[in-house]
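Remarks on the structure that follows.
Rule-based calculations on the coordinates, nothing more; no lab input. Remember, predicted model here, so these are calculated numbers, not experimental data. Neighbour counts run over all protein chains shown; Cβ positions are idealised from the backbone, glycine included.
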Amino acid sequence: MKTVAKILAGVVAIVVVLVIVIAVQPSEFHVARTVSVAAPAPVVFAQVNDFHKWSAWSPWAKMDPGMKQAYEGAPSGTGAVYTWAGNHDVGEGRMTITESRPSDLVRIKLEFFKPFAGVSTAEFTFTPDGQQTLVAWSMTGRTTFVTKAVHLFLNVDKMIGDSFESGLARIKSLAEAEARS
């Protein structure tokens, strides 16, 4: 009986420590990547400000070519809405451009419905740098107890960051090709 009590006390201690470690994790996450593009800011901005153009560069579009997509609201810029429903890799959600400043900023409210519910903010900034435009893509969101636990075991920065790098590389290619033509 003493052995069972010791094992039980040990398990309880491990669970308590794990709960404390999870609870003290940051209450927000932030992922960001940048790329320098040999194209003027308006050319690069146009790739992001219009959801209809995203299928050409979005890394998630390639993960599920059969994904259902719909557009609502404004055709581009503030008020434009994009919804999607796809396989487990892309899930289901909605993006709404909440702020659009030409050649400067696109801010998006990102609502995830499946496989996990959550709300995040994505931002694209465009900074002229000589003949280049520095493009930064970031995402910030609040973390719940469950997402804090997941973040202990999955490197969210790498998972999302790798997709951001892929998307930015494709934006770079498209914008540079357009700027040359």
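Results, tabulated for the structure shown:
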read-out: Span from the segment 117-181 Cα centroid across to the segment 60-78 one, whole angstrom; value: 17
read-out: The chain: radius of gyration over Cα atoms, expressed as a fraction of 2.2 N^0.38 Å; value: 1.29
read-out: In segment 27-180, lysine pairs closer than 16 Å at Cα, eight or more apart or cross-chain; value: 5
read-out: 5 angstrom amide H check on A74, placed H, neighbours 5+ away; value: A80, V81
read-out: Relative contact order (%) - segment 1-145, alpha-carbon pairs under 8 angstrom, separation at least six; value: 26
read-out: Chymotrypsin sites (Phe, Trp or Tyr not before Pro) lying in DSSP loop within segment 1-110, provided at most 12 other Cβ fall within 10 Å; value: none
read-out: FRET efficiency, K158 to A9 (Cβ-Cβ, R0 35 Å, nearest 0.05); value: 0.40
read-out: Hull volume in cubic angstrom per residue (convex hull over the Cα atoms of segment 1-96); value: 188
read-out: Kyte-Doolittle mean at least 1.0, axial Cα span of 30 Å or more - DSSP H helices of the chain; value: 2-23
